[in-house]
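S.K.: I have a structure here, written as structure tokens, and I will follow up with some questions on it.
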Amino acid sequence: MEQALTTTITVNGTQVTRSIPARQHLVDFLREELGLTGSHIGCEHGVCGACTIRVNGAIVRGCLMLAVQADGCKVDTIEGISDSGEAKDLQKAFHEKNALQCGFCTPGMLMAAQDLVSKNQKFTREQIREHISGNYCRCTGYQAIVDAIEEVIQTEAARGKG
Ligand code: FES
Ligand code: FES
């Protein structure tokens with residue numbers, strides 16, 4: 001029988017302690033144990049970015065990290081940054097620019113985009129493209145996604161944050 005380890009993770013600000021199978025991936029734990037299904041699973045081997053989450057402030061692939069490795073860590077998911085309002089400007093811009101179609105990539109894309117926005121710097125379209133290059137979208141052709149992220153970054157800069 002697979003070993004389970006007692007693991008404590010602060011997920012979206014709430015501390016949870018569970019006995020977690022040693023080989024369960026973090027994204028599976030979030031989805032199956034905590035019901036946080038906003039983080040999607042596409043390729044399951046670190047390529048598509050659908051499972052992008054934040055661990056201790058840095059974006060990571062939830063399919064490449066074991067849940068037990070997050071013991072003692074602070075994990076944020078799309079649900080967390082939505083509920084807190086952190087991602088509201090990006091969500092509004094994605095909506096207004098039609099930067100999503102099926103929406104499968106969108107949670108991971110927003111996590112990656114928010115990572116860039118939170119740096120409070122100006123970025124060129126090329127830099128935006130580079131930053132989201134690990135997040136695949138099969139629907140939009142990326143143009144509208146870059147438009148939306150660029151708009152938010154420019155707005156932040158105009159507010160004096162850039
Ligand atoms: S499901 Fe994790 S990168 Fe594709
Ligand atoms: S909106 Fe469908 S994969 Fe991006």
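S.K.: If I model a spin label as a point 7 Å beyond the Cα along the Cα-Cβ vector, how far apart are those points for residue 96 and residue 71 in nm?
M.R.: Taking the simple label geometry, residue 96 and residue 71 are separated by 4.7 nm.
S.K.: Can you tell me, using C-alpha contacts under 8 Å and at least 6 residues apart, the relative contact order of the chain as a whole percent?
M.R.: Once normalised by length, the contact order is 22 percent.
S.K.: Can you give the Rg and Dmax of the stretch 59-144 based on its C-alpha atoms, in angstrom?
M.R.: 13.6, 39
S.K.: Kindly provide the helix-only [θ] at 222 nm of the chain, computed as the sum of -39,500 (n - 2.57) over DSSP H runs of four or more divided by all residues, to the nearest 500 deg cm²/dmol?
M.R.: The helix-only estimate for the chain comes to -9000 deg cm²/dmol at 222 nm.
S.K.: If you take every residue apart from residue 81 with its C-beta less than 13 Å away from the C-beta of residue 81, what net charge results, scoring Lys and Arg +1 and Asp and Glu -1?
M.R.: Here the charged neighbours net out to -3.
S.K.: Pairwise over distinct Cα atoms, reciprocal of the mean inverse distance: report the Kirkwood radius of the chain in Å, one decimal place.
M.R.: Evaluated on the chain, it is 16.1 Å.
S.K.: I'd like to compare 144-152, 124-132: which one has the highest average count of other Cβ atoms within 10 Å, and what's the full order after that?
M.R.: Listed from highest to lowest mean packing, they are 144-152, 124-132.
S.K.: Now a separate question. Counting Lys and Arg as +1 and Asp and Glu as -1, what is the net charge of the other residues whose Cβ lies under 13 Å from the Cβ of residue 41?
M.R.: Computed value for this residue: -1.
Bear in mind that the values in this text are calculations on the coordinates, not laboratory data. Bear in mind the structure is a predicted one, so any value in this text is a computation, not a measurement. Every residue, glycine as well, gets a Cβ built from its backbone with ideal geometry; the counts of neighbours run over all protein chains shown.
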